[in-house]
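Here is the structure we will look at, set down as structure tokens.
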Amino acid sequence: MRDEGRARTSGGAPPAGSPPLYGDEPPLPGWDGLGAREAMRRLLDLPPEGLRLLRSYEARHRRRTQVLDAIRRALERRSARD
């Protein structure tokens, strides 16, 4: 029998105060209301962790190929710099 009140040890919610990893809330406020071009402009200022969060969220929700490709390229550029 499943205990609904018990916290999960893996795959559970992130600690309080940390950005959502797999929730239904977008990692950036207003993300779902952005067009593809504006969304891609927002990627320029994000660190790799933010890009990974957005990639995960975008892949599960809007699934905009153009945005997902831009996130992939941004991550590749940042890893090439390291």
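The values are calculated or read from the model by the stated rules, or taken from the named source; none is laboratory data. From a predicted model like this one, the values you see are computed outputs, not experimental measurements. Using ideal geometry, Cβ is built from the backbone for each residue, glycine included, and neighbour counts are taken over all protein chains shown.
Confirm whether Ser79 is assigned to a helix (DSSP H, G or I), at pLDDT below 90 and not basic (Lys, Arg). Spell out the reasoning first.
Values: assigned to a helix (DSSP H, G or I): yes; at pLDDT below 90: yes; not basic (Lys, Arg): yes.
So Ser79 passes the test.
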Qualifying positions in region 11-45 - assigned to a loop (DSSP other than H, G, I, E, B), hydrophobic (A, V, I, L, M, F, W, C) and at pLDDT 90 or above
Leu28, Leu34
Just give me the residues in region 48-71 being within 16 Å of Pro27 (Cβ to Cβ) and exposed (fewer than 12 other Cβ atoms within 10 Å of the Cβ), in sequence order.
Glu49, Arg60, Arg63
Six or more apart or on different chains, Cβ atoms under 7 Å: show the pairs whose first residue is in region 60-82 and at negative phi and whose second is surrounded by 16 or more Cβ atoms within 10 Å (Cβ to Cβ) and of a type in the set (Asp, Glu).
Arg64/Glu58; Val67/Glu58; Leu68/Glu58; Ile71/Glu58
